[in-house]
1. Which one is modelled with the highest pLDDT among residues in the stretch 1-47 that are farther than 14 Å from Val96 by Cβ, of a type in the set (Ser, Thr, Tyr) and exposed (fewer than 14 other Cβ atoms within 10 Å of the Cβ)?
2. If we keep just the residues of the stretch 53-107 that are modelled with pLDDT of 95 or more, part of a loop (DSSP other than H, G, I, E, B) and of a type in the set (D, E, K, R), which is surrounded by the fewest Cβ atoms within 10 Å (Cβ to Cβ)?
3. As an exercise: evaluate Ala95 against (1) under 19 Å from Glu23 (Cβ atoms); (2) touching a Cys at 6+ places or on another chain (Cβ under 7 Å) and give the number of the one condition it does not meet.
4. Here are Gln90, Gln64: which of them is among the polar types (S, T, N, Q), closer than 12 Å to Leu29 by Cβ and in contact (Cβ under 8 Å) with a residue 12 or more places away in the chain?
5. Which pairs do you get when a residue that is in a loop (DSSP other than H, G, I, E, B), found in the stretch 29-44, comes within reach of a residue that is at pLDDT below 95 and surrounded by 13 or more Cβ atoms within 10 Å (Cβ to Cβ), reach meaning Cβ atoms under 9 angstrom, with the pair 6+ apart or on two chains?
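The values are calculated or read from the model by the stated rules, or taken from the named source; none is laboratory data. Bear in mind that the values here come from a model prediction, so they are computed numbers and not experimental data. When we count neighbours, we look across all protein chains shown, and the Cβ atoms used for this are built from the backbone with ideal geometry, even at glycine.
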Amino acid sequence: MDESARTNTATAPPQTAPYSEAEPRHTALQELAGLLRGQGYTAKVERLHLTVTDGDEPVEVWAQRRPNDENRLWFAWAGGGPMCPADQPQDAVVAVKAALHQIPARM
C-alpha cells in the first residue's frame, strides 16, 4: 500500500464543494463509518471526510466525484488517491482495515 493511505498533514485535502449533510458524499461516508464501527473501529465523519482509528494513527477517507469515471462518487485517501467506488463500501472497509494495520503501533 502506498503512503497516500496514511493521514499526511503535509498533503492538502482534496478540493470539495460546499457542504450539506444531505450531500451524497456525506451520506456515503456515514454509511462507511457505520460499517467500520460495526467492526469495532472508531469512525468519525467530519464534514466531507471520515477519520478512522484503531489505536494511535488515524486514516482519513474522503468521498469525491471522479470525472474520469462518469463523475461517479468514489472513496479516496487523504491527498486524493482513489480507493474504490462509493457504491462498494465493503471494498472500502477492507482497504481501510489494511491501511490501519500497516501503521506501526507506538510503544
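1. Let us first name the residues in the stretch 1-47 that are farther than 14 Å from Val96 by Cβ, namely 2-3, 8-27, 30, 46-47.
If we keep only those that are of a type in the set (Ser, Thr, Tyr) as well, we get 9, 11, 16, 19-20, 27.
Now restrict to residues that are exposed (fewer than 14 other Cβ atoms within 10 Å of the Cβ): 9, 19-20.
Values: Thr9: 39, Tyr19: 56, Ser20: 63.
Only one residue tops the list, namely Ser20.
2. This residue is Glu70.
3. It is condition (1) that Ala95 fails.
4. When all the criteria are applied, what remains is Gln64.
5. Gly40/Asp54; Tyr41/Asp54; Tyr41/Leu100
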